[in-house]
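Data block below; observations after.
The values are calculated or read from the model by the stated rules, or taken from the named source; none is laboratory data. This structure is a prediction, so every number in the text was calculated from the model and none was measured. Here the Cβ is made from the backbone with ideal geometry for all residues, glycine too, and neighbour counts use every protein chain on show. Heavy atoms of the whole protein, side chains included, go into the accessibility calculation; ligands, DNA and RNA do not. Shrake-Rupley method; radii C 1.70, N 1.55, O 1.52, S 1.80 Å.
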Amino acid sequence: MKREITTIKDIAKTLGLSTSTVSRALRDSYEISDETKQKVLEYANKINYKPNPIALSLKERRTYTIGVVLSEIANNFYSQIIDGVDAIAIKKGYQVVISQTHESFELQKMIISNFGSRAIDGLLVALSADTTDINYLKDLQASGLPIVFFDRITNEINTHKVVIDNYQSSFTITENLLKKGKKKIVHITNSAHLPNMMERLAGYKAALEKYGIQFDPNLVRYTRETGNIALDLQHVIQDITKTDCDGLFIANDRQTTGSLLALKRTNPEKLRHLGIVGFTNSNLIELVAAEVDIVYQPAFEMGQIATQLLLELIEAKRPITEFKTIALQSEIIHYSGE
């Protein structure tokens, strides 16, 4: 016996609505009233309706697929962002395809170029630490592909962006060290040109200036020398343990957990006496026997907002020319190390 497949047209006929109204209601479109959405969704659930993705893409010239480009899925911060992306995309009927750059500009360029040649409706991008050129992204956006940046953004492309309060968070945690009497604070980062890393460095500098401490560029250490994050951190931490520094500011998630683990392995005594602050969303921080202040970023919310903004670009009936840069507030958490 051939299985009968219910279509949007069948639902529309039963409910006395147009097929376009039913289609928009099923996608939770802002164009449809809540009353109509509820009516359509209740009936669709009652008959266990499942949309035909091929038919939808042919009718509306969409694939209902978005791409996400970031450095590393294993990074707690980015995995939480992906959860936020999924929470919105799945609800709206979109599939999510994720690719990792592993901090390589060339790999990032290849991935995004491949996405651009595939049937996707839009891109969410967090730039790699090695990004040196975004002209290919400008060309891709000019071709009509909606792009939204999150966390690691560029100021050279006019589109929606979602970031956190990088400058203020960095100022606050650096000031926390200075209030404890720390004066020689090493700043570990991974990029000299990405806006979020530049803002974190600027917050660090401003706090030093407030307390009358001259900024020393020799105390800024970059971990993008060998292409191996763990090895780079090991070298930096080994060098730090040989100096008379009394504080450590670590500027991103993977570097924070990696630095603390490297310190624990190489010089646990130094770990106990250093003043340490950093950015991380990892629970591993609780396992390190050290007093630490960390900036916990609203990653899930960042993923949700970035996805919502991208879907607005994708589904807009007219070209959008006014864009938002949304800065979310992070949370500073103190761990006593006990």
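Please go through (1) in contact (Cβ under 8 Å) with a residue 60 or more places away in the chain; (2) open to solvent by less than 30 Å² (accessible area, probe 1.4 Å); (3) aliphatic (A, V, I, L, M) for Val125 and return the number of the only condition it doesn't satisfy.
(1)
I'm told Phe115 meets every condition in (1) out of contact with any helix residue (DSSP H, G or I) (no Cβ under 6 Å at 6 or more places or on another chain); (2) buried (at least 21 other Cβ atoms within 10 Å of the Cβ); (3) within 20 Å of Met302 (Cβ to Cβ) except one. Can you identify the failing condition by its number?
Phe115 satisfies all of (1) out of contact with any helix residue (DSSP H, G or I) (no Cβ under 6 Å at 6 or more places or on another chain); (2) buried (at least 21 other Cβ atoms within 10 Å of the Cβ); (3) within 20 Å of Met302 (Cβ to Cβ) except (3).
With respect to Ile147, is the statement that it is touching a strand residue (DSSP E or B) at 6+ places or on another chain (Cβ under 6 Å) and either more than 18 Å from Leu328 (Cα to Cα) or in the same structural domain as Thr256 (by the TED database) (or both) true?
Details: touching a strand residue (DSSP E or B) at 6+ places or on another chain (Cβ under 6 Å): yes; either more than 18 Å from Leu328 (Cα to Cα) or in the same structural domain as Thr256 (by the TED database) (or both): yes.
Yes.
When residues of the range 141-200 are filtered for being among the β-branched types (Val, Ile, Thr) and touching a Ser or Thr at 6+ places or on another chain (Cβ under 9 Å), how many remain? Before the answer, list the steps.
To start, the set of residues in the range 141-200 that are among the β-branched types (Val, Ile, Thr) comprises 147-148, 153-154, 157, 159, 162-164, 172-174, 185-186, 188-189.
Among the residues that remain, those that are also touching a Ser or Thr at 6+ places or on another chain (Cβ under 9 Å) are: 147-148, 153-154, 162-164, 185-186, 188-189.
Residues meeting the conditions: 11.
Mind checking which residues of the range 129-159 are in a helix (DSSP H, G or I) and touching a Lys or Arg at 6+ places or on another chain (Cβ under 8 Å)?
Pass one, the range 129-159, residues in a helix (DSSP H, G or I): 135-142.
If the condition is that a residue be in a helix (DSSP H, G or I) and touching a Lys or Arg at 6+ places or on another chain (Cβ under 8 Å), then Tyr136 is the only one that fits.
Tell me which helices (runs of 4 or more DSSP H) are completely within the range 225-338 and hold 2 or more residues being open to solvent by 60 Å² or more (accessible area, probe 1.4 Å), assigned by the TED database to the domain that holds Leu177 and more than 26 Å from Asn155 (Cβ to Cβ), or say none if there are none.
Working: elements: 229-240, 253-266, 268-273, 299-315.
Correct list: 229-240, 253-266, 268-273.
Filter the range 131-178 down to residues that are at positive phi and either modelled with pLDDT under 95 or aliphatic (A, V, I, L, M) (or both), then give me how many there are. Full working, then the answer.
Step one: list which residues in the range 131-178 are at positive phi, which gives 144, 151.
Keeping just the survivors that are either modelled with pLDDT under 95 or aliphatic (A, V, I, L, M) (or both) gives 144.
Residues flagged as at positive phi and either modelled with pLDDT under 95 or aliphatic (A, V, I, L, M) (or both) within the range 131-178 amount to 1.
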